[in-house]
Amino acid sequence: SQTIHQWPATLVQPVGSPLSLECTVEGTSNPNLYWYRQAAGRGLQLLFYSVGIGQISSEVPQNLSASRPQDRQFILSSKKLLLSDSGFYLCAWNTGRLAGGEAFFGQGTRLTVV
Amino acid sequence: AQSVTQLGSHVSVSEGALVLLRCNYSSSVPPYLFWYVQYPNQGLQLLLKYTTGATLVKGINGFEAEFKKSETSFHLTKPSAHMSDAAEYFCAVNNQGGKLIFGQGTELSVKP
């Protein structure tokens with residue numbers, strides 16, 4: 001069966017520090033991978049999605065970047081965090097419409113920038 | 001472009017009452033539609049989905065939703081609310097490329 005791992009669960013970082021959040025998927029190959037962010041009281045904002053290794057689409061211009069160094073690994077990074085980067089970050093995967101299209105989510109990372 | 005609109009960021013019902021959460025979508029291709037539930041500080045869990053076929057779909061925890069193409073709607077219902085249904089609910093549409101677009105979410109409160 002497929003599983004998705006996302007870590008860490010919580011993170012407190014000072015303004016200006018770097019960020020690296022990692023997500024890995026097991027039990028499937030060539031998944032679509034996503035990073036979403038939830039700010040307090042707001043919905044899910046799609047940040048990045050990837051349909052293959054090295055293929056990253058950015059949905060919103062911002063202080064973050066994403067990379068996909070391996071088929072089932074997706075990394076969210078920042079060189080210098082801003083206060084506005086605080087939020088709940090969710091990694092997800094799906095295999096596209098042919099397989100039903102639904103996405104499966106990790107448990108999320110609560111990032112607080114102080 | 002695809003988009004999803006959830007009417008009402010907060011909905012409050014009494015325990016045992018009908019739950020109705022509204023979702024309207026726009027899509028240039030036949031949509032795949034989803035409802036997810038999120039409990040505090042957790043990821044999202046799939047409640048139900050519509051791809052093709054029967055327009056009334058049943059999901060987990062007694063929820064169901066009906067796809068109405070003429071109204072571009074996919075409203076979520078449950079006949080009788082439970083305290084454990086209190087959570088945030090998200091409607092989503094999957095476009096032809098597989099990308100999942102979410103609505104802004106509706107927080108459901110259940111009063112005893």
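Bear in mind these aren't lab numbers, they're just calculated from the coordinates by the rules spelled out. Because the structure is predicted, anything quoted here is derived from the model rather than measured. All Cβ positions, glycine included, derive from the backbone under ideal geometry; neighbour counts span all protein chains shown.
Worth pointing out:
- Packing, taken as the mean count of other beta carbons within 10 Å per residue, orders the peptides A:26-32, B:49-55, A:87-93 from highest to lowest as A:87-93, A:26-32, B:49-55.
- Segment A:45-64 versus segment B:7-83: alpha-carbon centroid distance in Å: 27 Å
- Using the Karplus relation 6.51 cos²θ - 1.76 cosθ + 1.60 with θ = phi - 60°, the per-residue 3J(HN,Hα) values for segment A:18-34 come to x, 9, 9, 10, 10, 9, 10, 10, 10, x, 8, 10, 6, x, 6, 10, 9 Hz, with x marking Gly and Pro.
- Under 29 Å of direct C-alpha separation, and excluding same-chain neighbours fewer than eight residues apart, residue B:111 reaches these lysines: B:49, B:58, B:78.
- Pairwise FRET efficiency - residue A:114 versus residue B:15, Cβ, R0 = 41 Å, nearest 0.05: 0.55
- Our coupling estimate for segment B:5-13, obtained by passing each phi through the Karplus curve with A = 6.51, B = -1.76, C = 1.60 and θ = phi - 60°, is 10, 9, 7, x, 7, 9, 10, 10, 9 Hz, Gly and Pro reported as x.
- Remark: C-alpha extents of the protein assembly as shown on the principal axes read 48, 39, 33 Å, sorted largest to smallest.
- Relative to its Kirkwood radius, the Cα radius of gyration of chain B gives an Rg/Rh of 0.95.
- P(r) tail, segment A:19-114: Cα-Cα pairs separated by more than 15 Å, 58% of all pairs.
- Taking the number of Cβ atoms within 10 Å of each Cβ as an exposure proxy, the fewest-first ranking of A:68, A:37 is A:68, A:37.
- Listed peptides A:71-82, B:2-13, B:32-43 by packing density, highest first (mean Cβ within 10 Å): B:32-43, A:71-82, B:2-13
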